[in-house]
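**Q** Sharing a structure here in C-alpha cells format.
The values are calculated or read from the model by the stated rules, or taken from the named source; none is laboratory data. Quick caveat, the model's predicted, so the values are computed rather than measured. Note that each Cβ is placed from the backbone with ideal geometry, even for glycine, and that neighbours are counted across all protein chains shown.
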Amino acid sequence: MTQIVEMKGMNKYFGKLHVLKNIDLTVEQGEVVVIIGASGSGKSTLIRCVNGLEEYENGKLVVDGHALAPKGGNQKSLAEIRKEVGMVFQQFNLFPHLTVRKNVMLAPMKVKSTSQTVANATAERLLDRVGIGNQADKYPSQLSGGQQQRVAIARALAMEPRLMLFDEPTSALDPEMIGEVLDVMRELAREGMTMMVVTHEMGFAREVADRVIYIHEGQIVEQGKPADVFDNPQNERTQAFLSRVLSH
Ligand SMILES: Nc1ncnc2c1ncn2[C@@H]1O[C@H](COP(=O)(O)OP(=O)(O)OP(=O)(O)O)[C@@H](O)[C@H]1O
Ligand SMILES: [Mg+2]
C-alpha cells in the first residue's frame, strides 16, 4: 500500500492555543477519510496542514513521499506538494473575473506550463464530468452555488491531484444543491481518488468513507469504519457529538 499522507506526533499552535495535539494519521492511496467533530475542534486546521496552508510546530508530515518540514524548516517540497494536492473550500474561492473555462485552465497553464489547447480540452472534459459542460463560458456569479462548487472541483482536478482535500464543501449551499455536489464527490471516490473530507453530511460519510475520524479539541479520539463509529461509538465524546448531530 502507498501512503499518501503520514502524520506522526504532529502538533500545531495558534499562539498559546494548542490546536492539533500529537496527531498520528496515515491515509493510504485510494482511501476516503471523513473527518468529523465540533466547531473549533481543529478539522480545517488539520487538512490545511496537508497542503501547507497552515504550518505546524513539531512532529512529522509526509505527503506522497515529500516531507513537509515544520515551521522554520526547509520548505523546498511545498511547491511539489501543492501540485499534487487539490483543495475545495466551503466558499468555492473561484476567480470572479474569469469565466468558468478560464478558472479551470489557469493552474495547469501557470504551474505546469500546459499549452492553452491542452488546458482547454482538459477543462471541457472535466466540466462535462461534473455536469456543467454547457456553462463553460459563463462567469462564476452567473452560476448557482452548487454549480460553482462543481467548477471548483473541476478546477482542482485539472492539476491531476494525487489527493483531494474538501473542507465542508456543501455547508454554504442551499439544501437542494447539496446532492449534486455530493454526487460528484461520490463518483470521484468510486474512481479511486484519495480524499480527506471534512463534512457534516453524515449520510455521505456513512456511505462513502472508508474511515471516519472524530476530532475533539485537537485530538483524534476515535476512528474506524463508518458503521462502527456511527452505530457503536466507543468514546463518550463521540457518543455525545453524534447524538447531537444525528438527532436533527
Ligand atoms: N488563523 C487562526 N488564528 C488563530 N486561531 C485560529 C486560526 N484559525 C483557527 N483558529 C482557532 O483554532 C481552533 C481550530 O479551528 P478550526 O478552524 O481548525 O476548527 P474547525 O474544526 O474547522 O471548526 P468549524 O467546524 O467551525 O469549521 C479554533 O479554536 C479556532 O478559533
Ligand atoms: Mg472548519
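**Q** Using the structure shown, decide if residue 13 is more than 16 Å from ligand 2 (Cβ to nearest atom), aromatic (Phe, Trp, Tyr), touching a residue at least 12 places away in the same chain (Cβ under 8 Å) and buried (at least 17 other Cβ atoms within 10 Å of the Cβ). Before the answer, list the steps.
**A** Details: more than 16 Å from ligand 2 (Cβ to nearest atom): yes; aromatic (Phe, Trp, Tyr): yes; touching a residue at least 12 places away in the same chain (Cβ under 8 Å): yes; buried (at least 17 other Cβ atoms within 10 Å of the Cβ): no.
When the stated conditions are applied, residue 13 does not pass them.
**Q** Checking residue 94 against (1) of a type in the set (A, V, I, L, M); (2) away from ligand 2 (no atom under 16 Å from the Cβ); (3) under 25 Å from residue 212 (Cβ atoms), only one condition comes out false. Which one?
**A** (3)
**Q** Please give the number of the condition residue 95 fails out of (1) touching a Leu at 6+ places or on another chain (Cβ under 6 Å); (2) surrounded by fewer than 21 Cβ atoms within 10 Å (Cβ to Cβ); (3) more than 19 Å from residue 176 (Cβ to Cβ).
**A** (1)
**Q** Conditions: (1) in contact (Cβ under 8 Å) with a residue 60 or more places away in the chain; (2) on the phi < 0 side of the Ramachandran plot; (3) crowded, with 22+ Cβ neighbours inside 10 Å. Residue 37 meets all but one. Number of the miss?
**A** (2)
**Q** Filter region 203-224 for residues that are surrounded by fewer than 19 Cβ atoms within 10 Å (Cβ to Cβ) and either among the acidic types (Asp, Glu) or under 16 Å from the mean Cα position of the chain (by Cα) (or both); which is farthest from residue 48 (Cα to Cα)?
**A** The extreme case among them is 207.
**Q** Enumerate the pairs (first residue in region 165-177 and in contact (Cβ under 8 Å) with a residue 40 or more places away in the chain and farther than 18 Å from residue 41 by Cα; second residue anywhere and loosely packed, with under 14 Cβ neighbours inside 10 Å and acidic (Asp, Glu)) with beta-carbon separation below 6 Å, excluding pairs fewer than 6 apart on the same chain, so at least 6 apart or on different chains.
**A** If the second residue must be loosely packed, with under 14 Cβ neighbours inside 10 Å and acidic (Asp, Glu), no pairs are left.
**Q** Which ones in region 124-145 are of a type in the set (S, T, N, Q), part of a helix (DSSP H, G or I) and closer than 20 Å to residue 90 by Cα?
**A** First, the residues of region 124-145 that are of a type in the set (S, T, N, Q): 134-135, 141-142, 144.
If we keep only those that are part of a helix (DSSP H, G or I) as well, we get 134-135, 141-142.
Passing the criteria: 141, 142.
**Q** Is there a residue being assigned to a helix (DSSP H, G or I), within 30 Å of residue 21 (Cα to Cα), of a type outside the set (D, E, K, R) and without any contact (Cβ under 8 Å) to a residue 24 or more places away in the chain anywhere in region 65-87?
**A** From region 65-87, those assigned to a helix (DSSP H, G or I) are 78-84; that's our starting set.
Remaining after also requiring within 30 Å of residue 21 (Cα to Cα): 78-84.
From the residues that got through so far, the ones that are of a type outside the set (D, E, K, R) too are 78-79, 81.
Those still in the list that are without any contact (Cβ under 8 Å) to a residue 24 or more places away in the chain too: 79.
Yes, some residue in region 65-87 is assigned to a helix (DSSP H, G or I), within 30 Å of residue 21 (Cα to Cα), of a type outside the set (D, E, K, R) and without any contact (Cβ under 8 Å) to a residue 24 or more places away in the chain.
**Q** Considering only residues that are closer than 12 Å to residue 8 by Cα and crowded, with 17+ Cβ neighbours inside 10 Å, which ones fall in region 41-58?
**A** Across region 41-58, the qualifying residue is only 56.
**Q** Among 35, 23, 4, which is at pLDDT 95 or above, assigned to a strand (DSSP E or B), within 14 Å of ligand 1 (Cβ to nearest atom) and under 16 Å from the mean Cα position of the chain (by Cα)? Outline the logic, then answer.
**A** Working: 23 fails: under 16 Å from the mean Cα position of the chain (by Cα); 4 fails: within 14 Å of ligand 1 (Cβ to nearest atom).
Exactly one residue qualifies, and that residue is 35.
**Q** Right, another one. Let me confirm something: among 53, 46, which residue is under 29 Å from residue 140 (Cα atoms), in a loop (DSSP other than H, G, I, E, B) and either within 16 Å of ligand 1 (Cβ to nearest atom) or under 16 Å from the mean Cα position of the chain (by Cα) (or both)? Walk me through it before giving the result.
**A** Numbers: 46 fails: in a loop (DSSP other than H, G, I, E, B).
After applying the criteria, what remains is 53.
**Q** What's the total number of residues in region 109-123 that are assigned to a helix (DSSP H, G or I) and surrounded by fewer than 16 Cβ atoms within 10 Å (Cβ to Cβ)? Lay out the reasoning, then the answer.
**A** In the first step, residues of region 109-123 are kept if they are assigned to a helix (DSSP H, G or I); the result is 109-111, 116-123.
When the remaining residues are screened for being surrounded by fewer than 16 Cβ atoms within 10 Å (Cβ to Cβ), the result is 110-111, 116-118, 121.
Counting residues in region 109-123 that are assigned to a helix (DSSP H, G or I) and surrounded by fewer than 16 Cβ atoms within 10 Å (Cβ to Cβ) gives 6.
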